[in-house]
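Below is one structure, written out as structure tokens; the observations come after it.
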Amino acid sequence: MTDTPPAFAPAATAPNRRDVLAGGAGFLAAIAGLSLLARDARAADAPRPHILYIMADDLGFADVGFHGSDIRTPNLDRLAAGGARFGQFYTQPMCTPTRAALMTGRYPLRYGLQTGVIPSGADYGLATDEFLLPQALKQAGYRTALVGKWHLGHADRKYWPRQRGFDSFYGPLVGEIDHFKHEAHGVTDWYRDNELLKEDGYDTELFGAEAVRLIGGHDPAVPLFLYLAFTAPHTPYQAPQRYLDMYASIADPARRAYAAMITAMDDQIGRVIAALEARGMRANTLTVFHSDNGGTRNLMFAGEGAVAGDLPPNNTPYREGKGTLYEGGTRVVALANWPGHIEAGETTGVMHVVDMLPTLARLAGATLATTKPLDGRDVWPALALGQSGRDAVVYNVEPTQGAVREGKWKLVWHVVLPPKAELFDLDADPSETTDLAERHPDKVAALQAKVVDLARNMAPPLFYAAALKATLSAPLATPGAALYEMGLEND
């Protein structure tokens, strides 16, 4: 563990001012019979808080100070020390599905976003008939703002944040951008509301400055929902020189930059918390922080840009990382802090990102009467009081593979040939080192039956149609002149 972190960094003045094509993470699986939580700790008993919802991008489970890392995160450490540290908080294995699950309270298998992410060249987005978290909070009287990455639809304005319940938006629509140029494939992806914006500066610092600006101009009497979605530490690994210099002792340049990105993000989180304090809002602000998925350990899931060498994220003690159905891809670093309302300490209750919409809506006094059937549950007792959470988790859904958890048992089912079903006891083996499928065939069959039954109702993955279209419309591939000159052309 780290030493006691210093006070939050003071608010700074504003400086001057996509995720992977690779699909593959989940087969269908939603499990009925989620646990009902204690009724003596309802969120309705708490006052309506301001909500600061912070999401990191591809952060490794072990890569924060309060999990023992050498990467410096004093502001996150302070939030963790004074709040709840979640030991079993789950997301989807990739970016777009997790963000969709947060916004809808529904597993992405319900609306076709379960596979991969929305590629930069795709024209689909989160279905417009889904009722989203910012819409619910706005109806309840909240001011809603998104600062940072969206990645739920970019080709048509109907998918954009301002059209989906946010009063303001600042950042990229897709998200895998050059962190200084704000470009993807040479095209600027940087907006204020619905307008393209040309602006210089390191994106993490610009996000922090924008959040501070919004808080500074906000009326504390009006409840605020600020969704602060960093692009850090997603590839490309880039950071200002002063942050790189902090990690001069790290020989590997990728890990040096990765660590620098995390500390830069932590600094901005400190400035945002300091701005809440200066505005008199901190005491009544619920702060939630987590990554969108586990850290990237496989180059297949590193993004659309060129990345080489060993990837630096660390998901210890969990297996593998982003894009996979194992714990390293889906069990993420997470915390919640609300002074006087959330007990400090580690909570092991099982929670999933789909639970955040109903939980936050209950706190906010928002109605969910117009939502489609939710997969999420109000997990306030688990979040705030360390009580038990849900009994079942759907890791993801797609036609090639899937994973579900019921109690301590987890099934990972690779359906493509040759098929493989793995069974793990997560209570005894959270690192998924021992496959128990041959010892417990009845449990495997029972969990597979749930998967198959639910798979019959899943929406077709939108990623497949987009990928096929892109492949069939690609220009003719021919050998380069250099190959001919070297005599390496095919006969």
Report task. Identify, from the list ASP266, ASP245, the residue that is open to solvent by 40 Å² or more (accessible area, probe 1.4 Å), of a type in the set (Asp, Glu) and modelled with pLDDT of 95 or more. Result -> ASP245
Query raised in the report: Are any residues in the stretch 139-160 over 22 Å from LEU113 (Cβ atoms), of a type in the set (A, V, I, L, M) and crowded, with 24+ Cβ neighbours inside 10 Å, and if so, which ones?
Result: VAL147
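Determine whether the stretch 385-397 contains at least one residue that is open to solvent by less than 50 Å² (accessible area, probe 1.4 Å), assigned to a loop (DSSP other than H, G, I, E, B), acidic (Asp, Glu) and under 30 Å from ALA437 (Cα atoms).
Taking the stretch 385-397 as the starting set, the residues that turn out to be open to solvent by less than 50 Å² (accessible area, probe 1.4 Å) are 386, 389-390, 392-397.
Subset that is assigned to a loop (DSSP other than H, G, I, E, B): 386, 389-390.
Narrowing the set further to residues that are acidic (Asp, Glu) leaves none.
Checked the stretch 385-397: no residue is open to solvent by less than 50 Å² (accessible area, probe 1.4 Å), assigned to a loop (DSSP other than H, G, I, E, B), acidic (Asp, Glu) and under 30 Å from ALA437 (Cα atoms).
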Query - Residue within the stretch 118-125 that is of a type in the set (S, T, N, Q) and out of contact with any strand residue (DSSP E or B) (no Cβ under 7 Å at 6 or more places or on another chain) present - result: no
Query raised in the report: Name the pairs: first residue in the stretch 104-130 and in a loop (DSSP other than H, G, I, E, B) and among the small types (Gly, Ala, Ser), second residue at pLDDT 95 or above and open to solvent by less than 10 Å² (accessible area, probe 1.4 Å), Cβ to Cβ under 6 Å, at least 6 apart or on different chains?
Result: GLY105/VAL354; GLY105/LEU357; GLY105/GLY376; GLY125/LEU152; GLY125/GLY153
Query raised in the report: When you look at VAL452, is it at pLDDT 95 or above, β-branched (Val, Ile, Thr) and either loosely packed, with under 10 Cβ neighbours inside 10 Å or in a helix (DSSP H, G or I) (or both), yes or no?
Result: no
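Would you confirm, using the coordinates I've provided, whether THR296 is out of contact with any Phe, Trp or Tyr (no Cβ under 8 Å at 6 or more places or on another chain), of a type in the set (Ser, Thr, Tyr) and closer than 24 Å to GLY175 by Cα? Please lay out each step first, then the result.
Working: out of contact with any Phe, Trp or Tyr (no Cβ under 8 Å at 6 or more places or on another chain): yes; of a type in the set (Ser, Thr, Tyr): yes; closer than 24 Å to GLY175 by Cα: yes.
Criteria met by THR296.
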Query - Cβ pairs under 9 Å, 6+ apart, first in the stretch 455-467 and at pLDDT 90 or above, second polar (S, T, N, Q) and assigned to a helix (DSSP H, G or I) - result: PHE463/THR96
Query raised in the report: Of everything in the stretch 308-361 that's of a type in the set (Gly, Ala, Ser) and not in a loop (DSSP other than H, G, I, E, B), which residue is most open to solvent (accessible area, probe 1.4 Å)?
Result: GLY345
Requested in this report: Note down all Cβ pairs under 7 Å where the first residue falls in the stretch 204-220 and is open to solvent by 10 Å² or more (accessible area, probe 1.4 Å), the second is of a type in the set (Ser, Thr, Tyr), and they're at least six residues apart or on different chains.
Outcome: GLU210/TYR170
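Scan ALA364, ALA392 and give me the residue that is of a type outside the set (Asp, Glu), closer than 19 Å to ALA446 by Cα, modelled with pLDDT of 95 or more and in contact with a Gly (Cβ under 9 Å, 6 or more places away or on another chain). Outline the logic, then answer.
On the way: ALA364 fails: closer than 19 Å to ALA446 by Cα.
Testing whether each residue is of a type outside the set (Asp, Glu), closer than 19 Å to ALA446 by Cα, modelled with pLDDT of 95 or more and in contact with a Gly (Cβ under 9 Å, 6 or more places away or on another chain) leaves just ALA392.
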Report task. Taking only the stretch 424-438 into account, find how many residues are assigned to a loop (DSSP other than H, G, I, E, B) and more than 17 Å from PHE61 (Cβ to Cβ). Result -> 7
Report summary line: When the stretch 106-160 is checked residue by residue, the ones that are in contact with a Pro (Cβ under 6 Å, 6 or more places away or on another chain) and among the aromatic types (Phe, Trp, Tyr) are TYR142, TRP150
Query raised in the report: When ASP193 is evaluated against the numbered criteria (1) under 17 Å from THR231 (Cα atoms); (2) in contact with a strand residue (DSSP E or B) (Cβ under 6 Å, 6 or more places away or on another chain), which criterion, by number, is the only one it fails?
Result: (1)
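The values are calculated or read from the model by the stated rules, or taken from the named source; none is laboratory data. None of these values were measured; they are calculated from a predicted model. Here Cβ is always computed from backbone atoms with ideal geometry, including for glycine, and neighbour counts include all displayed protein chains. For the accessible areas, the whole protein counts, side chains as well, though only heavy atoms, and no ligand, DNA or RNA atoms are used. Shrake-Rupley method; radii C 1.70, N 1.55, O 1.52, S 1.80 Å.
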